[in-house]
Amino acid sequence: MISQLIGAVLLGGYYAVLATGLAFMFSVMNIINLAHGALIVLSAYGLYVLGGMMGLPIAIPIMIIVMFVVGLALHALILARASKGGELLPLLATFGLSIILDNLMFQVFGADSLSLAPLVGDLSWASFELPGFIFVGKLSVYTLIAAVAVIAGLEWLLRRTTLGHRIQATSQDRATARLLGIDTARTAAIATGLALATGVIAATALGLRTAWGPYAGSAQLLFAFEAVVIGGMGSLWRVLWGAMILALAQSLAAMIHPQGFLIGGHLAFLLAVFWRLRGGAFSLNRLLGREVRT
């Protein structure tokens with residue numbers, strides 16, 4: 001029982017890494033990026049190619065920079081225009097982008113599953129031994145640490161830096177932010193770049209945890225979205241708690257029935273949806289537990 005609970009907490013760290021970029025983009029631009037999972041998989045392929053040439057420790061920072069630039073381009077070419085069309089148009093635009101990326105990755109890399117594990121020795125299966133003959137994977141521990149570090153870094157950025165204050169002002173009221181002299185388009189573009197850059201950390205965890213293929217993004221998006229909805233918005237730390245609850249629900253369901261792992265997480269997600277939307281009309285802000293600011 002203790003081993004399963006520890007495993008659930010560590011799995012929550014992986015879900016938190018997946019969900020942070022998704023939550024960060026919504027908090028700034030009020031957009032749910034349905035291409036989030038596909039972009040994580042794209043980052044994983046980039047890490048695989050660069051890691052094979054120069055090693056994973058060098059490939060990771062390079063891909064962070066690359067995906068930040070991709071985020072700037074994504075905002076300029078798609079999101080800035082789509083966000084003017086209400087809530088539905090950005091969903092359709094990013095959904096279409098995810099389909100394009102999935103098929104493009106299939107054409108370029110094929111259907112074979114790849115893994116980053118051979119690039120890091122025994123990290124993917126090595127473990128720490130705890131008292132009571134409990135073993136926890138080193139990779140899972142490091143992933144949880146990375147999740148906490150990424151969230152702490154973004155929270156510090158938002159609360160302690162001039163850029164963070166501009167991002168918050170843009171997210172709360174763009175018209176007022178423009179009156180204060182803030183370049184809201186540039187600020188939103190930087191926030192999009194940061195969201196995609198955090199996805200490289202998620203891609204690293206994905207590639208080291210398991211083999212992936214070109215269509216693995218949909219599952220990553222699902223877990224990320226469920227974690228965000230369960231935790232709610234307001235602080236990125238809530239995403240971490242939502243990820244933990246999702247992982248605990250999955251683990252508890254698996255203890256009841258071997259095939260209940262995914263069902264437990266989906267039930268927790270549905271309960272969160274019913275709670276968020278109780279007594280009112282549907283909106284993305286209400287679904288994600290975010291107060292609408294006027």
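Just so you know, all these numbers are worked out from the coordinates, no wet-lab data involved. All of these numbers come straight from a predicted model, not from anything done at the bench. Because the Cβ atoms are built from the backbone with ideal geometry, glycine has one as well, and the counts that use them run over all protein chains shown.
For the range 68-218, take the convex hull of the Cα atoms, compute a quarter of its surface area, and give me that in nm², please. Working shown, then result.
Details: hull surface 48.2 nm².
Spelled out: convex hull of the Cα atoms, projected over all directions, averaged, 12.1 nm².
Using alpha carbon centroids, what distance separates the range 108-135 and the range 200-224, in Å?
About 14 Å separates the Cα centre of the range 108-135 from the one of the range 200-224.
Taking the Cβ of SER124 as the center, what net charge do the other residues with Cβ under 15 Å away carry, scoring Lys and Arg +1 and Asp and Glu -1? Could you put the intermediate results ahead of the total?
Numbers: positive: LYS138, ARG209; negative: ASP122.
Surrounding charge for SER124 is +1.
Relative to the longest principal axis of the C-alpha atoms of the chain, give the angle of the C-alpha long axis of helix 184-209, reported between 0 and 90° and rounded to the nearest 10°.
Roughly 10 degrees between the two axes.
In a solvent-free Debye calculation with one equal scatterer on each Cα, what is log10 I(q)/I(0) for the range 2-115 at q = 0.15, 0.22 Å⁻¹, listed in the order of the q values?
The calculated log intensity ratios at q = 0.15, 0.22 Å⁻¹ are -0.80, -1.28.
Rounded to the nearest 500, what is the chain's calculated 222 nm mean residue ellipticity when only DSSP H runs of at least 4 contribute -39500 (n - 2.57) each, over all residues? Don't skip to the answer; put the middle values down first.
Details: 12 runs with 210 residues, N = 294.
-24000 deg cm²/dmol, from helical runs alone.
Tell me the relative contact order for the chain as a rounded percent, counting alpha carbon contacts under 8 Å between residues six or more apart. Don't jump to the answer; show the numbers that get you there.
Values: 460 pairs, mean separation 97.2, N = 294.
Across the chain, relative contact order equals 33 percent.
Suppose each label sits 7 Å from its Cα in the direction of the beta carbon; what would the ALA175-ALA126 distance come out to in nanometres?
The answer from the label model is 5.7 nm.
If Lys and Arg each add +1 and Asp and Glu each add -1, what is the summed charge of the other residues whose beta carbon sits under 15 Å from the beta carbon of LEU144?
On the way: positive: LYS138, ARG209; negative: none.
Computed value for this residue: +2.
If you fit an axis through the alpha-carbon atoms of helix 2-29 and take the longest principal axis of the Cα set of the chain, what angle between them do you get, 0 to 90°, nearest 10?
20 degrees
So how do 142-155, 50-63 stack up, highest first, on mean other-Cβ count within 10 Å? Don't skip to the answer; put the middle values down first.
Working: 142-155: 18.3, 50-63: 15.6.
The peptides rank, most packed first, as 142-155, 50-63.
Of the peptides 25-35, 120-130, how do they stack up when ordered by the mean number of other Cβ atoms within 10 Å, highest first?
Numbers: 25-35: 23.3, 120-130: 12.5.
Per-residue Cβ counts within 10 Å, averaged per peptide and sorted highest first, yield 25-35, 120-130.
On a 0 to 90 degree scale, rounded to 10, what angle separates helix 217-231 from the longest Cα axis of the chain?
On a 0 to 90 degree scale, this one is about 70.
Past the 18 angstrom mark, what percentage of all C-alpha to C-alpha distances in the range 173-249 do you count? Please report the intermediate quantities before stating the final value.
Values: 1695 of 2926 pairs.
The share of Cα pairs beyond 18 Å in the range 173-249 comes to 58 percent.
Taking the highest mean first, how do the peptides 64-75, 257-268, 89-100 order by number of other beta carbon atoms within 10 angstrom per residue?
On the way: 64-75: 19.2, 257-268: 15.6, 89-100: 17.1.
Ranking, from highest mean packing down: 64-75, 89-100, 257-268.
Be a star and scan the range 81-125 for residues whose amide nitrogen sits under 20 Å from the point 7 Å along the Cα-to-Cβ vector of ALA149.
116-125
Could you list log10 I(q)/I(0) for the chain at q = 0.07, 0.08, 0.13, 0.15 Å⁻¹, which the Debye formula gives when each Cα is one point scatterer?
For the chain at q = 0.07, 0.08, 0.13, 0.15 Å⁻¹, log10 I(q)/I(0) is -0.26, -0.34, -0.91, -1.21.
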